[in-house]
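Enquirer: Sharing a structure, written as structure tokens. Questions coming.
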Amino acid sequence: MELRKNLAISDTGFVFDAATGESFSLNPIGLEILNYLKNGLKDEEIRQKVLDKYDVDESTFDLVYFDFIRTLQHFDLFEKS
Amino acid sequence: MKLPFERPLIKKIEAGIPSKFGMKPTLKPIDNIDGVPVSDLIEKYGSPLYVLSEQTIRETYREAKQAFETRYPKVQFAWSYKTNYLNAVCKIFHQEGSWAEVVSGMEYDKALQNGVKGSQIIFNGPSKSREDLVKAIDNDSLIHIDHFDELFLVLELAQTSAKKPKVAIRVNMDTGIYPKWDRFGFNYENGEAWEALNRIMLSGKLELVGLHTHIGTYIMTPDAYRVAATKLADLAYNVERKFKHNVRYIDMGGGFASKNTLKGAYHTGIDTSPTFEEYAEAISGALISSNLNPDQLPVLILETGRALIDDAGYILGTVIANKRLSDGRRSLIVDVGVNLLFTSFWYEHEIYPAKGETQFTEDTTIYGPLCMNIDVIRAAIDFPVLKQGDQFVIKRVGAYNTTQWMQFIHNRPAIVLIDENGESHIVREHETLDTLLENERLPEHLK
């Protein structure tokens with residue numbers, strides 16, 4: 001899945017979708033993951049980075065990451081495949 | 001050393017009506033009740049769990065009492081059993097000096113068992129049986145007559161009773177508020193109440209001891225009490241003038257609002273509910289400025305329930321699951337259902353996480369654990385994203401929830417009282433399957 005090109009992501013966790021005019025806010029981990037996605041990292045690479053950096057077990061991360069991705073899909077932030 | 005993990009979140013920024021109160025406050029967790037950690041209580045007694053604060057009960061009662069006693073010379077509270085009739089709660093109010101106000105034979109017997117003198121039990125309500133009334137007459141209790149059928153029954157019982165029944169009438173009236181309650185008692189405006197008083201006085205068989213009203217519930221307008229007290233004082237004055245009889249008390253009932261927020265309210269209950277002082281000022285002012293003889297002012301009785309106990313009650317609970325709804329909204333499934341939180345049908349209950357402080361919240365629907373669509377604790381609340389197993393606290397649940405609760409799908413949980421020294425005591429055990437089966441009987445052919 002590729003993040004849409006026309007998303008403007010600020011360093012403070014503010015996202016602006018130039019196509020729809022909608023804006024979003026992210027918490028710091030959400031911002032970090034969105035930036036990984038923007039840079040083209042694969043799910044497994046993102047998973048490893050977060051597991052290395054944060055105090056979280058694999059199953060908890062998988063659960064919340066899956067939910068986060070589904071929320072991004074719901075907000076239509078990925079390119080249509 | 002790894003960094004603490006927080007669930008990744010993205011939230012759409014919605015353009016809507018701006019809050020005139022500015023920045024959204026951070027939801028401070030409630031991690032203890034009267035100094036006892038929430039996690040310890042759940043570990044010891046299970047989840048969900050009702051918790052009552054004895055300190056809050058006593059402080060609230062004393063605050064209300066002071067508000068009235070500094071404005072009126074003779075004040076008596078009567079604890080409204082239906083609001084919360086756990087013996088531990090009733091005993092605290094009785095220790096503080098409250099009489100009992102009951103509305104059924106069951107509540108009446110409970111008050112007697114709690115050591116309340118018969119003459120300090122006010123028997124209200126529309127459904128007193130003949131047996132209830134006989135018992136109340138024998139015990140010199142204060143019978144508040146609701147309708148003419150009851151009045152005639154009491155008159156009949158008085159014929160054969162060794163004691164003269166002590167009675168009051170409940171009066172309903174227009175106090176300028178909506179809804180106008182007229183299903184209980186005798187109406188003031190159409191003359192029914194005056195007629196009932198005349199029948200009582202002319203019968204010679206009953207002792208008219210008081211006048212009672214209860215104008216509604218969650219009354220946000222203290223002035224309605226001023227109107228009600230004025231009308232009762234007028235009735236008392238008319239009785240005094242016509243029959244040379246002074247009623248001993250005027251009972252203003254209950255109906256004071258607690259600090260909970262009603263559904264659909266724009267402002268929170270904390271900001272808008274009147275204080276005890278405001279209610280006291282309205283009622284006392286009306287009685288003192290009435291035509292009643294100042295040397296024989298009646299005792300002012302108050303049956304306040306909700307406003308005295310709501311703040312002392314908490315429900316502690318645990319998150320069962322997070323779930324996304326089809327429209328992308330977050331939902332939380334928790335182990336507290338509407339069967340334990342009846343008041344969630346009319347309040348936007350305050351819910352707080354038991355730990356962790358975050359400014360990242362999401363619009364969330366909080367569902368209870370029942371497999372029933374109506375089991376919604378909060379339809380929409382800006383709430384931190386809790387994970388499975390996280391604990392939370394629901395505030396201001398002391399009124400009505402443990403009397404109107406239902407055994408439904410799950411066993412009802414334990415109720416714990418935290419005393420003034422911070423010690424926790426079970427005041428009602430967690431139900432088990434045996435509790436459910438105790439009164440069931442299986443016919444022989446089905447065994």
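The values are calculated or read from the model by the stated rules, or taken from the named source; none is laboratory data. Predicted model only: the values in this text are computed from it and were never measured. Here Cβ is always computed from backbone atoms with ideal geometry, including for glycine, and neighbour counts include all displayed protein chains.
Enquirer: For the stretch B:137-184, how many residues meet the condition of being of a type in the set (A, V, I, L, M), surrounded by fewer than 19 Cβ atoms within 10 Å (Cβ to Cβ) and under 24 Å from residue B:254 (Cβ atoms)?
Expert: Counting residues in the stretch B:137-184 that are of a type in the set (A, V, I, L, M), surrounded by fewer than 19 Cβ atoms within 10 Å (Cβ to Cβ) and under 24 Å from residue B:254 (Cβ atoms) gives 1.
Enquirer: Looking at the stretch A:47-56 only, could you name the residues that are at the interface with chain B (Cβ under 10 Å from one of its Cβ atoms) and surrounded by 10 or more Cβ atoms within 10 Å (Cβ to Cβ)?
Expert: Residues satisfying the conditions are A:50, A:51, A:53, A:54, A:55, A:56.
Enquirer: Same structure, new question: If residue B:232 satisfies all but one of (1) of a type outside the set (Gly, Ala, Ser); (2) crowded, with 20+ Cβ neighbours inside 10 Å; (3) in a loop (DSSP other than H, G, I, E, B), what's the number of the condition it fails?
Expert: Only one criterion in (1) of a type outside the set (Gly, Ala, Ser); (2) crowded, with 20+ Cβ neighbours inside 10 Å; (3) in a loop (DSSP other than H, G, I, E, B) is unmet by residue B:232, namely (3).
Enquirer: Select the helices (runs of 4 or more DSSP H) contained entirely in the stretch B:119-216, then report the ones holding at least 1 residues which are polar (S, T, N, Q) and in the same structural domain as residue B:305 (by TED's automatic domain parsing).
Expert: The helices (runs of 4 or more DSSP H) meeting that bar are B:148-160, B:192-203.
Enquirer: Scan the stretch A:13-53 for residues that are free of Cβ contacts under 8 Å to residues at least 12 places away in the same chain, over 16 Å from residue A:68 (Cα atoms) and part of a loop (DSSP other than H, G, I, E, B) and jot them down.
Expert: A:21, A:39 - these are the residues of the stretch A:13-53 that are free of Cβ contacts under 8 Å to residues at least 12 places away in the same chain, over 16 Å from residue A:68 (Cα atoms) and part of a loop (DSSP other than H, G, I, E, B).
Enquirer: Also, I was wondering about something else. Among the candidates B:111, B:78, B:100, single out the residue that is in a strand (DSSP E or B) and either in the same structural domain as residue B:335 (by TED's automatic domain parsing) or free of Cβ contacts under 8 Å to residues at least 40 places away in the same chain (or both).
Expert: B:100
Enquirer: Just wondering, is there one or more residues in the stretch B:53-73 that are buried (at least 21 other Cβ atoms within 10 Å of the Cβ), of a type in the set (Val, Ile, Thr) and touching a strand residue (DSSP E or B) at 6+ places or on another chain (Cβ under 7 Å)?
Expert: The answer is no, given that none of the residues of the stretch B:53-73 is buried (at least 21 other Cβ atoms within 10 Å of the Cβ), of a type in the set (Val, Ile, Thr) and touching a strand residue (DSSP E or B) at 6+ places or on another chain (Cβ under 7 Å).
Enquirer: Among A:72, A:34, A:63, which is the only one that is more than 26 Å from residue B:1 (Cβ to Cβ) and facing chain B (nearest Cβ under 9 Å)?
Expert: Only one candidate passes the filter, namely A:72.
To keep it simple, each residue is scored yes or no on (1) surrounded by fewer than 23 Cβ atoms within 10 Å (Cβ to Cβ); (2) modelled with pLDDT under 95; (3) assigned to a loop (DSSP other than H, G, I, E, B).
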{"residue": "B:366", "(1), (2), (3)": "no, no, no"}
{"residue": "B:369", "(1), (2), (3)": "yes, no, yes"}
{"residue": "B:382", "(1), (2), (3)": "yes, yes, no"}
{"residue": "B:398", "(1), (2), (3)": "no, no, yes"}
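Enquirer: Name the residue, out of B:81, B:61, B:72, that is of a type in the set (Ser, Thr, Tyr) and closer than 22 Å to residue B:428 by Cα.
Expert: On inspection, the qualifying residue turns out to be B:81.
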